[in-house]
1. Can you name the condition, by its number, that residue 82 falls short on among (1) in contact (Cβ under 8 Å) with a residue 24 or more places away in the chain; (2) among the hydrophobic types (A, V, I, L, M, F, W, C); (3) more than 21 Å from residue 234 (Cα to Cα)?
2. Modelled with pLDDT under 95, in contact with a strand residue (DSSP E or B) (Cβ under 8 Å, 6 or more places away or on another chain) and not assigned by TED's automatic domain parsing to the domain that holds residue 216: does that describe residue 35?
3. Can you tell me which of 65, 57, 36, 93 is farther than 30 Å from residue 112 by Cα, hydroxyl-bearing (Ser, Thr, Tyr) and in contact with a helix residue (DSSP H, G or I) (Cβ under 6 Å, 6 or more places away or on another chain)?
4. In this structure, is residue 330 in the same structural domain as residue 202 (by TED's automatic domain parsing), buried (at least 18 other Cβ atoms within 10 Å of the Cβ) and aliphatic (A, V, I, L, M)?
5. If residue 131 satisfies all but one of (1) farther than 24 Å from residue 204 by Cα; (2) at pLDDT 95 or above; (3) assigned to a helix (DSSP H, G or I), what's the number of the condition it fails?
6. Might you let me know whether the stretch 87-106 holds any residue that is surrounded by fewer than 21 Cβ atoms within 10 Å (Cβ to Cβ), modelled with pLDDT of 95 or more and of a type in the set (D, E, K, R)?
7. Within the stretch 316-326, can one find any residue that is part of a helix (DSSP H, G or I), touching a residue at least 40 places away in the same chain (Cβ under 8 Å) and surrounded by 17 or more Cβ atoms within 10 Å (Cβ to Cβ)?
8. Restricting the first residue to the stretch 281-304 and requiring it to be in a loop (DSSP other than H, G, I, E, B), which pairs with a second residue that is among the hydroxyl-bearing types (Ser, Thr, Tyr) meet a Cβ separation below 7 Å and a spacing of at least six or different chains?
Amino acid sequence: MTDTRSRDLITQIVHHPYVPPADFVAPQPPVHKGSTVLFPNVAAMRERRWLDKSSYTYGLHGTPTTYQLEERLCALEGGLQCLLVPSGLSALTTVSLALLNAGDEVLVPDNAYGPNKDFTEIELKRLGIAHAFYDAMNLADLEAKITPATKLVWLEAPGSVSMEFPDLAALVRLCRERGVKTVLDNTWGAGLAFRPFDLLADGGSLGVDITAHALTKYPSGGGDVLMGSIITRDANLHMRIKLTHMRLGIGIGANDAELLLRSLPSVGLRYQAHDVAARDLARWLGQQPAVVQVLHPALEEAPGHVHWKALCGAAHGGQGAAAGLFSVVIDPKYGQDAVDRFCDSLQLFKLGYSWGGPISLVVPYDIERMRSQPHAQLKTGTVVRFSIGLEQVDDLRADLAQALSQAFA
């Protein structure tokens with residue numbers, strides 16, 4: 001054997017033989033960082049397979065840390081296979097790129113997340129993939145727009161910003177009857193409001209084919225991580241997406257995975273806290289003169305409330321689950337300047353995109369520029385969206401009151 005003591009000091013450090021004992025167990029799993037994976041011999045290098053997660057070949061294809069996060073996210077949403085991507089939008093775009101070819105068509109709700117609509121209208125169109133937007137609150141509209149070229153239907157519950165809650169089970173059933181795959185942006189539900197792969201709560205006779213989830217929101221909970229997931233229950237469908245995922249070179253950082261693993265155990269407690277506070281403030285805002293409509297699916301007067309109740313109403317002891325997000329429509333007699341003054345006057349609510357973190361957020365929207373179809377269920381006025389954080393409700397209510405007084409007195 002070679003006397004390693006004769007080697008250079010730095011070489012000795014790089015190749016130091018000490019390996020710590022393997023029986024260290026702690027509440028948080030260890031973080032494995034590495035691009036290069038070392039093999040004991042050439043045979044192992046040739047035999048190892050990463051596609052079934054039975055071993056490791058390269059950091060981009062998975063580590064013990066990312067495998068653990070994937071399995072826990074499958075448990076959260078009720079799936080069997082999971083892929084991790086650098087953002088929620090990356091989850092959306094990866095699914096479309098994996099499943100659509102030139103000549104295919106994809107249908108997207110008109111009230112879907114704006115960047116997904118932009119990707120469909122610009123990038124997919126450039127690749128020869130057709131699209132159409134449908135009214136998620138009108139089953140007949142979706143039925144009329146499905147053609148032999150339709151290969152994928154996007155779903156969102158509730159709709160982005162305007163918060164309409166569709167009859168998700170009916171939409172999925174229609175697509176299944178027509179042989180079209182469905183993918184749900186499940187960021188709002190987060191695996192907690194309802195079970196996307198078991199919409200009838202009968203063990204899984206009806207469910208979406210794929211979920212895309214912005215882990216940036218509730219699973220992270222800190223407003224400091226960008227990550228997304230793609231979850232399936234069909235091994236063949238998963239493999240189609242996984243191979244595209246691999247060819248695109250998509251990966252996530254080990255430290256981000258560590259933060260998600262640390263946050264996941266508290267996601268249920270945080271989700272419910274956001275929900276309770278949001279309902280309280282939504283009801284209060286509905287009593288204010290400047291507000292002509294409150295868009296929160298758990299409120300009886302909200303568009304699609306009956307569908308929310310059917311799907312989400314049994315959670316939390318019959319109180320239902322509804323996240324911490326809602327919008328209001330400000331009376332049209334107040335112009336954009338007044339609405340902007342209201343948002344600027346808020347002190348605890350900060351101006352910022354995203355949601356699910358500890359700080360409450362507010363964003364005014366021009367809904368007319370976001371929709372291509374009529375939205376009769378929304379009253380006329382300016383839409384303002386709130387994401388409720390973890391502050392005390394009384395403090396947030398006082399902040400809203402003083403801003404309402406300043407802007408709309």
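1. Among (1) in contact (Cβ under 8 Å) with a residue 24 or more places away in the chain; (2) among the hydrophobic types (A, V, I, L, M, F, W, C); (3) more than 21 Å from residue 234 (Cα to Cα), the lone unmet condition for residue 82 is (3).
2. Values: modelled with pLDDT under 95: yes; in contact with a strand residue (DSSP E or B) (Cβ under 8 Å, 6 or more places away or on another chain): yes; not assigned by TED's automatic domain parsing to the domain that holds residue 216: yes.
Yes: the conditions hold for residue 35.
3. Values: 57 fails: in contact with a helix residue (DSSP H, G or I) (Cβ under 6 Å, 6 or more places away or on another chain); 36 fails: in contact with a helix residue (DSSP H, G or I) (Cβ under 6 Å, 6 or more places away or on another chain); 93 fails: farther than 30 Å from residue 112 by Cα.
Result: 65 is the single residue among 65, 57, 36, 93 that is farther than 30 Å from residue 112 by Cα, hydroxyl-bearing (Ser, Thr, Tyr) and in contact with a helix residue (DSSP H, G or I) (Cβ under 6 Å, 6 or more places away or on another chain).
4. Working: in the same structural domain as residue 202 (by TED's automatic domain parsing): no; buried (at least 18 other Cβ atoms within 10 Å of the Cβ): yes; aliphatic (A, V, I, L, M): yes.
Answer is no for this residue.
5. (3)
6. Yes, there is a match, as at least one residue in the stretch 87-106 is surrounded by fewer than 21 Cβ atoms within 10 Å (Cβ to Cβ), modelled with pLDDT of 95 or more and of a type in the set (D, E, K, R).
7. First pass over the stretch 316-326, keeping only residues part of a helix (DSSP H, G or I): 316-318.
Next cut, touching a residue at least 40 places away in the same chain (Cβ under 8 Å) only: 316.
Remaining after also requiring surrounded by 17 or more Cβ atoms within 10 Å (Cβ to Cβ): 316.
Within the stretch 316-326 (the criterion being part of a helix (DSSP H, G or I), touching a residue at least 40 places away in the same chain (Cβ under 8 Å) and surrounded by 17 or more Cβ atoms within 10 Å (Cβ to Cβ)), the answer is yes, since at least one residue qualifies.
8. Listed by first residue and then by second, the contacts come to 290/334.
The values are calculated or read from the model by the stated rules, or taken from the named source; none is laboratory data. Note that the coordinates shown come from a computational prediction; the quantities given were computed from them, not determined experimentally. So basically every Cβ, Gly included, is an ideal-geometry build from the backbone, and we count neighbours across all protein chains shown.
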